[in-house]
Amino acid sequence: SIQPVYGAQHPPLDPRLTKNFIKDRSKANALPMKSKKASSFHEFARNTSDAWDIGDDEDEDFSSSSSSLQTLNSKVAKATAAQVLENHSKLRAKPERAQSALSDMPTNCKVIKSSSEAQLSRTSEEACVRTTLQKQQSLPLRPVIPLVARISDQNASGAPPMTVREKTRLEKFRQLLSSHNTDLDELRKCSWPGVPREVRPVTWRLLSGYLPANMERRKLTLQRKREEYFGFIQQYYDSRNEEHHQDTYRQIHIDIPRTNPLIPLFQQPLVQEIFERILFIWAIRHPASGYVQGINDLVTPFFVVFLSEYVEEDVENFDVTNLSQDVLRSIEADSFWCMSKLLDGIQDNYTFAQPGIQKKVKALEELVSRIDEQVHNHFRRYEVEYLQFAFRWMNNLLMRELPLRCTIRLWDTYQSEPEGFSHFHLYVCAAFLIKWRKEILDEEDFQGLLMLLQNLPTIHWGNEEIGLLLAEAYRLKYMFADAPNHYRR
């Protein structure tokens, strides 16, 4: 059964707080928002942190629960809006930002008066700045759906899709890939800061070891490996209904619809059939581990990248039935082989008791204790175990924590690094954790910490944020990877 999950947008309801909101409703409506002290949303959420310990209040009268919920939602919106206004007021202290905002302003903007005129008696230009910023930043007051995450290779800041520097990099990639024998070391060096979308499919095939560096051998290799994969389909796929394989296939069949459920591409029956075949064939060819939940996520980046070779627009809403059977077979086979190459390097993550993940989580704990003792002690104080949040980070390679477009950018670097999906991933996780140190230290109870760590706000991340994360991870690796005395206490 599906259990309710309380996230930052929908905190649990405490009936005692709701009751107070009802009593104060008339007062809240009478007072303008500016006269109230702006409180952060985290402070408001903490006020409801005892909702799981209601105790003796369970028998109170909840006949007005509907109106109470509306009042609470209004309270959440007002508190959030007050915080947004408070943040925007700080921008006025920076004249260069105010001036740039004024340049985009309509000329007929007027001063908006409120009940607190003493505080708002500023120039008409400043009022225009405030009005425009409020409109531009109205997003937090609406529900945010993760489907906004575009898979396309764009920056979150909305930068132009192709700069002069990016054109130069793309030309460099094309020269490397078109040479008689591609220099893989140079290709890895160029791929570390990200691979252009146009050449990503062939680059990933080369970096994963699926394609040979020699140009003349590539076509024959692709043909042979694709035929080999569909030979496995003919030989093994019918056995999914046999008794000793039924449990494996049933678990795969259950997990496939859960794979990126908010992206329409992965909810298409044809795509789900492709994923079922890929995962089932891999599972029966690797009996030491078999299928483990989480492996299904690892197919999606490869599938999207190889699909983008045939689709120019964003692929998240693309109908794959528009592609030919030969194209779909090529995408399926290439996704299978590249996923297999990835899993060959981290298979101990998925064998019995998953010892690879256990070791990596322990290594993350030791690393964080060295690089940020305050965060480490904060976890110990509130009895938060690293396994409670970092197991998923290792099992799914941070795919549940990041938008898919960010995962694809991350994997550009992982495939460029030696042991990128195992060794370097540890330092990425450490950098990712320390990225949220302020939010972590602001939480002062076990429940709040776990809710934060399992619902980190990365939905609007893009290439810029991933680039900074990878730079910090590389710094940590440089400092600690070859210095075991500094790595452990």
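Can you tell me how the range 216-345 classifies by the Cα gyration tensor, rounded, prolate or oblate, using a/c under 1.5 as the rounded cut? Here the range 216-345 falls in the oblate category. In this structure, Asp344 and Glu444 have a Cβ-Cβ separation that, at R0 = 30 Å, corresponds to a calculated FRET efficiency of about 0.10.
Since only Gln268, Ala288, His244 are under comparison, the one whose Cα sits farthest along the positive direction of the charge dipole of the range 216-345, derived from C-beta charges on Lys, Arg, Asp and Glu, is Ala288. Were the residues from Arg437 through Arg400 laid out at 0.36 nm apart, the gain over their Cα-Cα distance would be 11.4 nm.
Here's the picture: a label point sits 7 Å out from the Cα of Arg475 along the beta-carbon direction, and within the range 337-381 the residues with their amide nitrogen under 17 Å of it are 368-375. Pairs from the table (Lys341/Lys477; Lys341/Lys438; Lys362/Lys435; Lys189/Lys435; Lys172/Lys362) lying more than 29 angstrom apart at Cα are Lys341/Lys438; Lys172/Lys362. Using R0 = 51 Å, the C-beta based FRET efficiency linking Ser239 and Asp185 works out to 0.75. One chain, two ends: Leu177 and Arg380. Fully extended at 0.36 nm per residue, the span grows by 68.1 nm beyond their Cα-Cα distance. Since only Gly345, Ile331, Val305 are under comparison, the one whose Cα sits farthest along the positive direction of the charge dipole of the range 216-345, derived from C-beta charges on Lys, Arg, Asp and Glu, is Gly345.
Calculated accessible area for the range 216-345 comes out at 47 Å² per residue, all protein chains present (probe 1.4 Å; ligands, DNA, RNA ignored). Seen from Phe230, the other residues with C-beta closer than 9 Å to its C-beta sum to a net charge of -1, counting Lys and Arg as +1 and Asp and Glu as -1. On full extension, the segment bounded by Val327 and Glu365 gains 9.2 nm, given 0.36 nm per residue less the C-alpha separation. Solvent-accessible area of the range 216-345 (1.4 angstrom probe, protein heavy atoms only): carbon and sulfur portion equals 46 percent.
Using the 1.4 Å probe convention, the accessible area of the range 355-481 works out to 40 Å² per residue with neighbouring protein chains retained.
The values are calculated or read from the model by the stated rules, or taken from the named source; none is laboratory data. The structure displayed is predicted, hence computed values, not measured ones. All Cβ positions, even for glycine, are placed from backbone atoms using ideal geometry, and neighbour counts span all protein chains on display. What goes into the accessible areas is simple: the full protein's heavy atoms, side chains included, and nothing from ligands, DNA or RNA. Shrake-Rupley method; radii C 1.70, N 1.55, O 1.52, S 1.80 Å.
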